[in-house]
Amino acid sequence: MASDFILTETAGGVLTITLNRPDVLNSVTARMSADLLAVLNGAAEDDTVRAVLVTGAGRGFCAGQDLAEATPAEGKPLQDFAAHVRKVYNPLVRAIRRLPKPVVAAVNGVAAGAGASLAFACDFIIAANNASFIQAFAKIGLVPDTGATFFLPRLVGTQRATAMMMLGEKVTADQALAFGMVYRVVEAGTLLDESKAFAAQLATQATFALGLTKRLINASLANDLDAQLEAEADLQGTAGRSDDFREGVAAFLGKRAPTFEGH
Ligand code: T3D
């Protein structure tokens, strides 16, 4: 399901999702987030989609919550942000983390507030060399949300995460790479092509096993060692019964490249 604000295109097993409110740096309205959630949930169900790429139209990736929509008209009561975060942002983070396929964020410009947080929730971030990341919440008297306080300290450590979240300073793409916050930085002009090629490569891999790997990575963020070892054993049992495993071993023994069907 696509919309004016969420453009989609599927090719070669890759679903490309483009956030499309470029005049306001793809800041997020309720309508846009609902459309994005529907597309992410659809991708989970669609066997032809084996990797997802998220990017932004225009010069920004996503500037977080649309602050015009979040600000009540004169005389109206303040929005219940707790309810709004639970309804709008938390489901997006859960959808990305539960999607049993790799999700790549191609960050083409500024990623601010919940826009940066959404990128952190993805499996890979590829950033254009002119991209930047800003935990803008502190600048407007809010707390980081959309999983930022969960993912960012794990990505960059508590010192850097605290500085980003309390100071709201801009982190450049090169700094982000040095911090371990992004997987790769590429020339801005090649970002989309390189990210699509990367996602297309992921889409030819053993998708079912990649989905299980993602489940294990999610679990590792909360498990102790014993629980994690048990989860690995359990999911290895599941992976070992997959068609892709049969194909992978047959290809190895046959000294040929595997052709994974993703199940
Ligand atoms: O609602 C809730 O439940 C609470 C949850 C909140 C989650 C959040 O995400 S809170 C954080 C919200 N985001 C921000 O605070 C970021 C606000 N934007 C900025 O600080 C700057 O725009 C940027 C640093 C991201 C980029 O700066 P710059 O100079 O490159 O661009 P700009 O000129 O500021 O923005 C370009 C246009 O986009 C501009 O509109 P105009 O003047 O051309 O008509 C600007 O107003 C608009 N824009 C940018 N961000 C937002 C926005 N409009 C609405 N909401 C935005 N978040």
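The values are calculated or read from the model by the stated rules, or taken from the named source; none is laboratory data. Note that the structure is a prediction, hence the values are computed from the model and not measured. All Cβ positions, even for glycine, are placed from backbone atoms using ideal geometry, and neighbour counts span all protein chains on display.
Which is surrounded by 14 or more Cβ atoms within 10 Å (Cβ to Cβ) and over 28 Å from Gly262 (Cα atoms), of Arg21, Arg97, Arg50? Answer to the selection: Arg21.
Per this entry, Val143 is not counted among residues that are assigned by TED's automatic domain parsing to the domain that holds Phe81, of a type outside the set (Phe, Trp, Tyr) and within 23 Å of Asn108 (Cβ to Cβ). Screening Gly248 with (1) surrounded by fewer than 16 Cβ atoms within 10 Å (Cβ to Cβ); (2) more than 21 Å from Ala44 (Cβ to Cβ) gives one miss only, at (1). The C-beta contact set for the range 40-67 (first residue at negative phi and part of a strand (DSSP E or B), second residue within 13 Å of the ligand (Cβ to nearest atom) and at pLDDT below 95, distance under 8 angstrom, 6+ apart or interchain) is empty. Selection of the range 176-203 for residues being more than 12 Å from Ile134 (Cβ to Cβ), without any contact (Cβ under 8 Å) to a residue 60 or more places away in the chain and in a helix (DSSP H, G or I) yields Leu177, Ala178, Phe179, Gly189, Thr190, Asp193, Ala197, Gln201.
Across the range 1-18, the number of residues qualifying as more than 20 Å from Asp46 (Cα to Cα) and either of a type in the set (Asp, Glu) or touching a residue at least 60 places away in the same chain (Cβ under 8 Å) (or both) comes to 1. The helices (runs of 4 or more DSSP H) falling completely within the range 69-140 that include 1 or more residues that are closer than 23 Å to Gly157 by Cα, more than 12 Å from the ligand (Cβ to nearest atom) and without any contact (Cβ under 8 Å) to a residue 60 or more places away in the chain map to 90-98, 114-121.
Would you please name the residue that is farthest from Thr149 (Cα to Cα), looking only at residues in the range 57-68 that are buried (at least 17 other Cβ atoms within 10 Å of the Cβ) and within 9 Å of the ligand (Cβ to nearest atom)? Lay out the reasoning, then the answer.
Looking only at the range 57-68, we keep the residues that are buried (at least 17 other Cβ atoms within 10 Å of the Cβ), and these are 57, 60-66.
If we keep only those that are within 9 Å of the ligand (Cβ to nearest atom) too, we end up with 60, 62-66.
On the way: Gly60: 22, Cys62: 18, Ala63: 17, Gly64: 15, Gln65: 17, Asp66: 20 Å.
The extreme case among them is Gly60.
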